[in-house]
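The numbers here are math on the coordinates, done by the rules we state, and not lab data. Given the structure is predicted, the values throughout are model-derived calculations rather than measurements. Here Cβ is always computed from backbone atoms with ideal geometry, including for glycine, and neighbour counts include all displayed protein chains.
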Amino acid sequence: MEGTQALDSAKTGAQTTKFLTARVDTVLAPHHLTQIDLLKVDIEGHAAKVLAGAGKTFSITKNVILEIHSEAELGESEAILVNSGLRMRNFRNRKLWFVKK
């Protein structure tokens, strides 16, 4: 997802915070990387959203470690990584380690 995201709490009277967002592939493209040994993702329950924007990145990534905060995040994240050619190597506590097949 690219653009601006906002957390708006108008109903509660809280402040609105806006975030600029960009896909992982878009952020890394200018760096012309040919290999990534380890990609670590820990963004408090939104791993699947990050992983969905990293398809090209996975083609050069050897290992992905992510921290999971819910069953839904686990299922969505695992599906994205497996479909991208990675397999789960280890799962301990809330941390998952995927490696290139």
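Summary table below
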item	result
Positions within segment 33-45 being more than 14 Å from Leu96 (Cβ to Cβ) and surrounded by 15 or more Cβ atoms within 10 Å (Cβ to Cβ), in sequence order	Ile36
Selection from segment 18-41 of residues that are over 27 Å from Asn93 (Cα atoms) and not in a loop (DSSP other than H, G, I, E, B)	Lys18, Phe19, Leu20, Thr21, Asp25, Thr26, Val27, Leu28, Ala29, Pro30, His31
Residues of segment 42-82 classified as under 21 Å from Ala29 (Cβ atoms), part of a helix (DSSP H, G or I) and touching a Phe, Trp or Tyr at 6+ places or on another chain (Cβ under 9 Å), total	3
